[in-house]
Amino acid sequence: MGGIFSYIAFAGGLDIPKVMDSYSTSTRFSIGGFDGRALEEGDYLESKATDISFKRMAGRRVHSLTESRSSGPVNIRVIPSSEQPALTNVIRDSFYTQKYTISSKSDRMGYRLAGKRIDMAEQHSVISEGTVWGDIQVPPDGQPIILMADRQTTGGYPVIGTVCSVDRSKLVQCSPGTEIQFTQINVEEAQTLFKKQKNWFKQQQERLNDLALKSKQSGEVSGVLARNKIDDLINIIKDSSFTQFSYSDKQIKLDIDHQSVMVQEKESTNQPEDQ
């Protein structure tokens with residue numbers, strides 16, 4: 001499944017300060033990561049020292065757990081809240097049968113939805129309580145809000161349900177304008193889905209560990225395979241908005257821009273020690 005976010009992992013990690021036991025960035029509060037802000041042209045990031053070479057990384061690939069994106073609304077599975085039994089049948093039927101569109105006003109705090117208004121006027125007010133990532137609140141305007149990673153700690157709007165944990169990543173990747181539709185599941189079904197996801201992560205980790213072990217035992221990955229991966233990297237950079245890209249490890253040095261490509265294989269510098 002495609003989405004609005006892509007991810008890149010750096011061997012050894014980036015050499016940036018740790019804030020509150022995390023290397024992530026909160027742009028809302030301007031803390032963490034690189035000066036607490038989004039990266040800009042001209043920023044320079046250093047990676048930590050590592051003995052993992054590009055050749056040893058070649059061939060590693062994580063298979064997708066999610067299904068391929070098909071036409072039509074994205075299906076998001078929801079566990080009904082304890083407040084849902086108090087809702088009228090009309091509200092429940094309306095919520096699960098209609099389609100919602102993710103609003104352009106959405107952010108990491110909450111995804112605002114646009115659709116047929118849910119009339120909660122006759123519902124009892126609720127006492128403020130702790131929030132959960134994926135809670136679907138219904139404010140007075142009747143347009144649901146899905147609470148996301150940067151949500152507030154407590155809330156007083158009625159909660160109609162909670163997005164199951166395995167569908168949160170799928171939801172996060174939906175861009176403004178995407179249509180979604182909710183499907184009700186129970187706790188047992190959500191737990192089964194979570195166990196399946198957990199097993200998948202375990203299998204991927206074991207597979208990558210096996211690849212790393214085989215690579216270490218063989219000394220290096222096939223030169224042809226490594227060359228293909230380098231060619232792929234060159235094409236990705238040249239098609240991107242980057243003006244310049246540099247990479248260096250013990251075996252190879254790359255300098256790429258939109259006008260030229262320089263690939264230099266390094267020779268061993270091991271010299272016998274003077275006696």
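The values are calculated or read from the model by the stated rules, or taken from the named source; none is laboratory data. A quick note: this is a predicted structure, and the numbers were derived from the prediction, not measured. Cβ placement follows ideal geometry from the backbone for every residue including glycine, while neighbour counts extend to all protein chains displayed.
Odds and ends about this structure:
- Residues satisfying the stated conditions in the stretch 63-105, i.e. under 12 Å from Gly161 (Cα atoms), modelled with pLDDT of 75 or more and not in a helix (DSSP H, G or I): Ile76, Arg77, Val78, Ile79, Pro80, Ser81, Ser82
- Residues satisfying the stated conditions in the stretch 173-199, i.e. loosely packed, with under 15 Cβ neighbours inside 10 Å and hydrophobic (A, V, I, L, M, F, W, C): Val187, Phe194
Here's the yes/no breakdown for (1) of a type in the set (Ser, Thr, Tyr); (2) over 17 Å from the mean Cα position of the chain (by Cα):
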| position | (1), (2) |
| --- | --- |
| Val126 | no, yes |
| Ala149 | no, no |
| Ile160 | no, yes |
| Gln173 | no, no |
| Thr183 | yes, yes |
| Gln197 | no, no |
| Gln204 | no, no |
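- Here Glu41 clears all of (1) modelled with pLDDT of 85 or more; (2) among the charged types (D, E, K, R); (3) not in a loop (DSSP other than H, G, I, E, B) except the condition numbered (3).
- The listed residue being closer than 14 Å to Tyr100 by Cα and out of contact with any helix residue (DSSP H, G or I) (no Cβ under 7 Å at 6 or more places or on another chain), out of Gly156, Gly177, Gly130: Gly177
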